[in-house]
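Asks: Below: one structure in structure tokens.
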Amino acid sequence: MYESLENFPLRKINFVKTRTTILKAVSHLLKEKNFADITVDEICQRAQISRGTFFNYFSTKEHVFHYYLRIFTVRIALRIKQWDDSMKFEAKIKQLYDWFNESTEYSRFVDSYISFLLNVGEPHNEMKLTDAEFVYFFTGIEETEYEYYNELTLQSLFEKICQTAKKENELSLNMTEHELGNLLSGVLVASYVTNHLEQNINHLEIFNKIWK
């Protein structure tokens, strides 16, 4: 198992560096305009690559966000693994919400995530990480776990959180785990949007009342 990116063949190193260069270019452009308004030409200009190079790494502009979502999901999963078994459901929701807000390197993450859910759906995310990317972005993931993390979705993480909460009798809603996972996703997104519209109100606290 490789311990650092430098131990990989040059071809794999260059692959990681180019994909991350494109991702960083998009993150910078998002500070200036909405994702829908960004063109491939602008991304190429910012990343200092040709259009041909861009399409060698991403089939469409949207796949850049799909790539980021894969990275973001793995990061969330690794942080969830650090939770104490005694942590309460609403405390978990609060921490998830904070993590969404921390995503400053890819601004307007939630806006793009909503569009992704409506138009693509997480299970259809074609972007997978290579072994070199797992080593570059993360620590503590075994090679045998790469396939699991490449298929992981935020929805499945949300469902597992709700499943645990049901076992602990923290949820009174008579819904399936899938339905509860969807509801949790809605609570996080709705809180994010409404908090940005009216920052003086803690909307997450208000939305959390639905679980009672």
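Asks: Any idea what angle helix 109-119 forms with the longest principal axis of the chain, computed on alpha-carbon atoms, 0 to 90 degrees, nearest 10?
Replies: 90
Asks: Per residue of the stretch 158-168, in order, report the coupling 6.51 cos²θ - 1.76 cosθ + 1.60 (Karplus, θ = phi - 60°) as ³J(HN,Hα) in whole Hz, putting x for Gly and Pro.
Replies: Karplus values, whole Hz, x for Gly and Pro: 4, 5, 5, 4, 5, 4, 5, 5, 5, 5, 8.
Asks: Next question, about the same structure. Once you have a ≥ b ≥ c as the square roots of the Cα gyration tensor eigenvalues for the stretch 26-143, tell me rounded if a/c is under 1.5, and otherwise prolate or oblate according to whether a/b is larger than b/c.
Replies: Prolate, because a/c is 1.5 or more and a/b exceeds b/c.
Asks: Then there's this: List the lysines whose Cα sits under 19 Å from the Cα of K61, skipping any in the same chain fewer than 8 residues away.
Replies: Excluding near neighbours in sequence, the set is K17, K24, K31, K33, K128.
Asks: On to the next question. Solvent-accessible area per residue for the stretch 15-145 at a 1.4 Å probe radius, Å²? Write down the numbers at each step before the final one.
Replies: Numbers: 6560 Å² over 131 residues.
Value for the stretch 15-145: 50 Å² per residue.
Asks: Further question: Just subtract the alpha-carbon distance of R108 and Q45 from 0.36 nm times their residue separation and send over the number in nm, one decimal.
Replies: On the way: separation 63, 0.36 × 63 = 22.68 nm, distance 2.13 nm.
In short, 20.5 nm is gained.
Asks: While we're on this one: Rounded, prolate or oblate for the stretch 93-181? Axes are the square roots of the Cα gyration tensor eigenvalues, ordered a ≥ b ≥ c, and the cut-off for rounded is a/c under 1.5.
Replies: Judged from the Cα gyration tensor, the stretch 93-181 comes out prolate (a/c at least 1.5, a/b above b/c).
Asks: Here's a follow-up. Between the helical axis of 62-80 and the dominant principal axis of the chain, each derived from Cα atoms, what acute angle in degrees is found, rounded to the nearest 10?
Replies: 50
Asks: Among 66-72, 124-130, how do they line up from the highest to the lowest mean number of other beta-carbon atoms within 10 Å?
Replies: 66-72, 124-130
Asks: A further question on this structure: By how many degrees, between 0 and 90 and to the nearest 10, does the Cα long axis of helix 177-197 differ from the longest principal axis of the chain?
Replies: Roughly 80 degrees, rounded to the nearest 10.
Asks: Sticking with this one: Could you tell me which of the pairs K81/K209; K81/K160; K88/K160 are separated by over 21 angstrom between their Cα atoms in the structure shown?
Replies: K81/K209
Asks: Please say if the chain is rounded, prolate or oblate, where rounded means a/c under 1.5 for a ≥ b ≥ c the square roots of the C-alpha gyration tensor eigenvalues, and otherwise the choice is prolate for a/b larger than b/c and oblate otherwise? Don't skip to the answer; put the middle values down first.
Replies: Details: a/c = 2.32, a/b = 1.47, b/c = 1.58.
Oblate.
Asks: What is the dipole size for the chain, taken about its Cα centre, with +1 at each Lys and Arg Cβ and -1 at each Asp and Glu Cβ, in debye to the nearest 20? Working shown, then result.
Replies: Working: 24 positive and 30 negative charges, 82 e Å.
That gives the chain a dipole magnitude of about 400 debye.
Asks: Can I ask one more? Quick one: length gained pulling N208 to M87 fully straight, 0.36 nm per residue minus the C-alpha distance?
Replies: 42.0 nm
Asks: Give the carbon-plus-sulfur fraction of the accessible surface of the chain in %, rounded to a whole number; probe 1.4 Å, heavy atoms of protein chains only.
Replies: 48
Asks: Rounded to the nearest 20 Debye, what is the dipole magnitude of the stretch 1-43 about its Cα centre when Lys and Arg each give +1 and Asp and Glu each give -1 at the C-beta?
Replies: 140
Asks: List the aspartates and glutamates whose alpha-carbon lies under 19 Å from that of K212, not counting same-chain residues fewer than 8 positions away?
Replies: Of all the aspartates and glutamates, those that pass the test against K212 - Cα under 19 Å, at least 8 places apart if same chain - are E90, E159, E168, E170, E177, E179.
The values are calculated or read from the model by the stated rules, or taken from the named source; none is laboratory data. Values in this document were obtained by computation on a predicted structure and should not be read as measured data. Reconstructed Cβ throughout: ideal geometry from the backbone, glycine too, with neighbour counts over all protein chains shown. The accessibility values were calculated without ligands, DNA or RNA, using every heavy atom of the protein model including side chains. Shrake-Rupley method; radii C 1.70, N 1.55, O 1.52, S 1.80 Å.
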